[in-house]
1. Can you tell me which aspartates and glutamates have their Cα less than 17 Å from the Cα of Lys9? Leave out same-chain residues fewer than eight positions away.
2. Based solely on its DSSP helices, what 222 nm [θ] is calculated for the chain when runs of n ≥ 4 H residues each add -39,500 (n - 2.57) and the sum is averaged over all residues, nearest 500 deg cm²/dmol?
3. With springs only between Cα atoms under 10 Å, which of Asp92, Asp130, Asp102 fluctuates most in a Gaussian network model of the chain?
4. Accessible area per residue, 1.4 Å probe, Å², for the stretch 1-123: what's the number?
5. If the limit is 25 Å between Cα atoms, which of Lys35/Lys125; Lys78/Lys134; Lys24/Lys78; Lys18/Lys132; Lys18/Lys129; Lys11/Lys132 go over it?
6. How far is it, in nm, from the label point at Phe143 to the one at Thr63 when both lie 7 Å from their Cα along the line to the Cβ?
7. For Asp54 and Ser16, FRET efficiency with R0 = 35 Å and r from the beta-carbon atoms, rounded to 0.05?
8. What are the radius of gyration and Dmax of the stretch 102-141, computed over its Cα atoms and given in Å?
Amino acid sequence: MAYFENINKIKFEGASSKNPFAFKFYNPEEVIGGKSMEEILRYAVSYWHTFTMDGSDPFGAGTMNRPWDKFSGMDLAKARVDASFEFYEKMDVPFFCFHDIDIAPEGSNLRESNQNLDVIVAMIKDYMKDSKAKLLWNTANNFTHPLYPRCCNIQPCRRFRLFSS
């Protein structure tokens with residue numbers, strides 16, 4: 001499914017462009033100090049903020065309504081990957097980054113969580129074969145699960161050890 005089908009690939013058009021879907025100052029081909037802007041400004045898209053987060057903050061509910069939000073569970077995770085690589089292509093994004101739980105839902109146990117991650121990681125690897133976008137970094141999200149703030153990031157925690165066994 002195409003999520004951004006009515007949006008062309010974003011290109012440099014200059015500061016005077018009225019096109020809201022154009023780069024005004026980032027010209028990947030412009031050479032500065034012997035290097036192109038593309039070589040100097042190697043930006044990345046944060047998966048959480050761009051495809052997962054709902055726009056909420058401490059002051060209010062989320063405001064981001066996305067076409068893939070109609071799905072749930074692994075269907076939602078797969079739709080986000082599809083949307084992300086379409087977005088990377090349109091933006092000519094060189095890199096992306098994520099936390100583990102950004103890309104796949106937590107399962108009912110550790111085995112299921114790992115299986116979910118395996119499926120989505122395989123999907124991302126397949127997309128990267130034909131994409132300019134490559135993984136800049138990924139890491140474990142050790143701050144949103146209730147186990148971490150309560151005890152597991154500061155002291156040995158029996159509950160966590162049981163969960164991770």
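1. Correct list for Lys9: Glu29, Glu38, Asp82, Glu86, Glu89, Asp92, Asp130.
2. Taken over the chain, the calculation gives -10000 deg cm²/dmol.
3. Highest fluctuation of the listed residues: Asp130.
4. I get 61 Å² per residue for the stretch 1-123.
5. Lys35/Lys125; Lys24/Lys78; Lys18/Lys132; Lys18/Lys129
6. That separation, rounded to one decimal, is 2.3 nm.
7. The formula returns an efficiency of 0.50 here.
8. That works out to 11.5, 35 Å for Rg and Dmax.
The values are calculated or read from the model by the stated rules, or taken from the named source; none is laboratory data. None of the values given here were measured: they were computed from a predicted structure. For neighbour counting, all protein chains shown are included, and Cβ atoms are generated from backbone atoms with ideal geometry for every residue, glycine included. Accessible surface is based on the protein model in full, side chains and every heavy atom, while ligands, DNA and RNA are left aside. Shrake-Rupley method; radii C 1.70, N 1.55, O 1.52, S 1.80 Å.
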